[in-house]
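First the structure, in the form of structure tokens, and then the observations on it.
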Amino acid sequence: MRALVVAGTHGGVGCTWFTLGLLAALRRRGLSVQPLRLGPELLDAAPYVAACGREPINLDAWMTPGDLTRTLFQRRAAGADVAVVEAAGGVFDGWDGGRADGAGSAAGMAKLLGGLPVLLLLDGRSAARSAAALIHGFTSFDPSLTFAGMLLNMVENEAHAQWMWDALSAADVRLPLIGALPFLPHLSLSAILSSPFSPTHSSASSLLSSPAVQDSLSSGSSPPVSPGPSPHLFAALADAVSHHVHIPRLLSACALLPLPSPTFPLSSPGGAGGRRKAVRMGVARDAAFCLVYQENLLLLQEAGAELVFFSPLVDPLPPRLHAVYLPGGRLAPFAPRLSSNRSLRFALRAFAAAGGLVLAESAGTVFLAHSLQGTDGAEYPMCALLPFTARELHAPPPPAYCLVRPSLGSPLFDPSLAPIRGCLVASAEFTPLRNHSAPIAPPPLHRPDLNGFPAELASATSVRRPQPPLFSPHDGSAGAEGSGAVRREGVVAGGAVASQLHLCFASNPCAAPAVIQHVL
């Protein structure tokens, strides 16, 4: 298996755009490709699935330290010919910029995964000989880091690319040039992500519950679980990358790794024990609910869950469920359609009111609210399980790392459970309903001032009656676990546990089994 890291000199140089094009170009060559995304940020999997047929997985050295990250990489890369790790920022930019080891950076991840080479992307707009000084600085900054080569992105034309290469050659820059891509506005990332959606099915439940789909989820490949960008855009993007990038040279520069053979599981053998697939868990998955840590789904399966996918946009609540998982996404553009699915809204509210487990993350919490403000400014009824209205933020803050510790009173996790890592995705504002009969107001649901550092968060009191905090939290701004200020986040109503937290089950081998054990 071949592998490399794609990273830029800084954020905004086109890493995601180029990665999607590279995935499509490699797939066209008959290669199976596994995309991996560096950092905690959750992205819509649809463009990646459209490009290469596999969903991306997040790699984050803080949420899954050391061997856990390597095991995640091995598990997802198994069966792929090429693994492409996409960085969200610059090569040496991580969650703790002051550490000499570059914790959380693309450079740190490349070394953690066994010395993967880094393909350095450079913004070629209005650049010439100064690029040589920039590249020299990057290649000499950390001698232990290997570079696969450099790629000039957004050059004006072939003449400009040749001009830059001549300047780099004259400055004795010895980093191989892998390619030079022109600026293609009709194939920009915004054009791809805003392209017309073409649903391949009208009901998620029938397709996604099939054995073939369940097998594909376990193996890492992906069915068309949600509408994706128009195929012709990816064909054109693959054409552009194939024409302007020396693919054979890039493949030869990749690290050649032994075939992955993970030796230890990420989930505890406890929990559901031998009762394989004893729990039917409905998982919301469509264009609205599109943000989830993919490894969570695999770990829930391993812990004994039978995942039954459904689309809240069109489907009723699947029958005979023991639990429901509502992950993150973007609901405001789909507010009218979600509101019109009255049977699902009423069934989900009744399910939770009867004590059925509903685990809701960010957008899932919005769906459980009384109403949601759509992109047209109108208020649309949601499940009305939680006594507040919701408004999604146009420009939400970046995810904030968090360390969650259960405490006495948690309805989901035992207080003895070790901390679970994850991130806070404050994608919405919540306003309590006036004259609501609940004896206490719901806790605040918004991002605290964490400055992007690790933090422990408290989950919530019940909206029906006071309870002890579910988690004991700390603000991690001091950089050490177990220090900082208490923060309460989330609400509990009936069987629903809702917050703006995205828990990373891979950070604690007992987390997924604990969820399954809760409903056994």
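The values are calculated or read from the model by the stated rules, or taken from the named source; none is laboratory data. Please read all numbers here as calculations on a predicted model, not as lab measurements. Cβ sites come from the backbone with ideal geometry, for glycine too, and all protein chains shown count toward neighbours. Quick note on the areas: whole protein, heavy atoms, side chains included, nothing else; ligands and nucleic acids left out. Shrake-Rupley method; radii C 1.70, N 1.55, O 1.52, S 1.80 Å.
Around PHE309, which amide H atoms from residues at least 5 apart in sequence, or from another chain, sit under 5 Å from its own amide H, with H modelled in the peptide plane?
Those lying under 5 Å, H to H, from PHE309 are SER209, VAL283.
Would you pull out the residues with amide H under 5 Å of CYS402's amide H, same chain only if 5 or more places away, H placed 1.01 Å from N?
GLY422, CYS423, LEU424, ALA455
Remind me, relative contact order of segment 1-143 in percent, using alpha carbon pairs under 8 angstrom and six or more residues apart? Numbers along the way, then the final one.
On the way: 237 pairs, mean separation 49.7, N = 143.
Normalised by residue count, the contact order of segment 1-143 is 35 percent.
If we count every other residue with Cβ under 10 angstrom of PRO35's Cβ, Lys/Arg +1 and Asp/Glu -1, where does the sum land?
Details: positive: ARG37, ARG54, ARG76; negative: GLU55, GLU86.
Net charge around PRO35: +1.
I'd like the accessible area for THR375, computed on protein heavy atoms only with a 1.4 Å probe and all protein chains in place. Round to 10 Å², please.
Around 110 Å² of this residue is reachable by solvent.
Taking amide H positions as placed in the peptide plane 1.01 Å from N, state which residues far from ALA384 in sequence (5 or more) or on other chains have amide H under 5 Å from it.
Excluding prolines and chain starts, which carry no amide H, the hits are ALA369, HIS370.
First check a/c for segment 1-99, with a ≥ b ≥ c the square roots of the eigenvalues of its C-alpha gyration tensor; if it is under 1.5, answer rounded, and if not, answer prolate when a/b is larger than b/c or oblate otherwise.
Details: a/c = 1.93, a/b = 1.31, b/c = 1.47.
Because a/c hits 1.5 or more and a/b fails to exceed b/c, segment 1-99 counts as oblate.
Just to confirm a number: summing +1 for Lys and Arg and -1 for Asp and Glu over residues other than LEU338 whose beta-carbon lies under 15 angstrom from that of LEU338, what do you get?
On the way: positive: ARG285, ARG330, ARG337, ARG342, ARG345, ARG349, ARG391; negative: ASP286, ASP315, ASP376, GLU379, GLU392.
Summing Lys/Arg as +1 and Asp/Glu as -1 gives +2.
Can you give the local net charge around GLU86? Use residues other than it whose beta-carbon is closer than 12 angstrom to its beta-carbon, Lys and Arg +1, Asp and Glu -1. Each step should come with its number before you reach the end.
Details: positive: ARG37; negative: GLU41.
In short, 0.
Could you pull the accessible area for PHE183 with a 1.4 Å probe, rounded to 10 Å²?
Answer for PHE183: close to 120 Å² accessible.
Grab the beta carbon distance between TRP165 and ARG249, set R0 = 22 Å, and tell me the FRET efficiency rounded to 0.05.
0.95
Given the whole protein assembly as supplied and a 1.4 Å probe, what does the accessible area of VAL324 come to in Å², nearest 10?
Its accessible surface works out to 0 Å², give or take rounding.
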